[in-house]
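Step one of this worksheet: look at the structure below.
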There are 2 protein chains.
Amino acid sequence: MYNKKMDEELDCGIRVAFKMFGGKWKLCIIDAINRGIARPNEIHKSIVNSTLRVIEMQLAELLFFGVIDKCTDEDIYPKKTEYRLTSLGKSILPILNEIDKWGTVHSEFVIERQSELLESE
Amino acid sequence: MYNKKMDEELDCGIRVAFKMFGGKWKLCIIDAINRGIARPNEIHKSIVNSTLRVIEMQLAELLFFGVIDKCTDEDIYPKKTEYRLTSLGKSILPILNEIDKWGTVHSEFVIERQSELLESE
DNA sequence: GCAATAACCGAAAAAAGATTCGGTATAGAT
DNA sequence: ATCTATACCGAATCTTTTTTCGGTTATTGC
């Protein structure tokens, strides 16, 4: 969450949507929370190759944009924070499922093309 | 299309899908082609705030991954190139429509939150 | 001949985004 | 007292993506 130098137009649905969940990790985070993985540390561990810091930052953005809700139990230590999807967050789930389904179906093909790229370097 | 230093796992559908159409401009390009805007120059003009160069680069990637087809009329000048969606490209359309619909519905809300961010800098 | 046009490409520079690292806080266990 | 765990934050650094800019090619129109 910092300032951009170039102005970004939110003039079509696609760009608005990408503003919300277009980041590299956002949909994975939303998916994890939806599957009941509620705590930052757990979310981080569930997403291969993610760093805790980036998960924290993306959670902060999702929170700011009202995609998720946060409740922290401040009394207990180690602190216990849980995130849940808001209704706005839940409204993304059908899209998430479609995207995940598409990716699963085409995974083999994409991975193959990808590896051709890497071989030819 | 260059080499990444960090390895990216394509271990879930979401990441596979994002590999294909997760870029900032890809879905806009697919949308444009789907609406009959077939030529690089026209696609560029139809997408506000895009540079021609980035459109060219993204078209090359979409081509490489088999999302679009290209046919260039080399005989005529100025050269005439037209892109079309392949069946793989067309398979993305339902998702694209869902995303666009979501963004259109929530556009006002997102733009408002966004402007709160910018005011408080 | 010269400008315009369309497609494209390479490379430097800028911007955006992610990682790394070190720090805070606080309580319970050893 | 020290270690552990969890959440979280700031800042430097590094990677990835986008922009900017200057080319090339080949034809049509002036």
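What follows draws every value from the coordinates through simple rules; no lab data is involved. Just so it is clear, the model here is predicted, and its values are computed rather than measured. All Cβ positions, glycine included, derive from the backbone under ideal geometry; neighbour counts span all protein chains shown.
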Requested in this report: Residue by residue through the range A:2-54, note down the ones that are of a type in the set (Ser, Thr, Tyr) and surrounded by 12 or more Cβ atoms within 10 Å (Cβ to Cβ).
Outcome: A:Ser46, A:Ser50
Report task. Within the range B:93-108, track down each residue that is of a type in the set (A, V, I, L, M) and within 16 Å of the chain's Cα centre (by Cα). Result -> B:Leu93, B:Ile95, B:Leu96, B:Ile99
Query - Count of residues meeting criterion [assigned to a helix (DSSP H, G or I) and surrounded by 11 or more Cβ atoms within 10 Å (Cβ to Cβ)] in the range B:73-96 - result: 7
Requested in this report: Would you be able to say whether some residue in the range A:38-58 is touching a Lys or Arg at 6+ places or on another chain (Cβ under 7 Å) and within 14 Å of chain B (Cβ to nearest Cβ)?
Outcome: yes
Query raised in the report: If you take the residues in the range B:55-72 that are acidic (Asp, Glu) and more than 8 Å from DNA strand C (Cβ to nearest atom), which one is surrounded by the fewest Cβ atoms within 10 Å (Cβ to Cβ)?
Result: B:Asp69
Query raised in the report: Got a sec? Which of B:Gly66, B:Gly23, B:Gly36 is within 21 Å of A:Phe21 (Cβ to Cβ), outside any helix (DSSP H, G or I) and of a type in the set (Gly, Ala, Ser)?
Result: B:Gly23
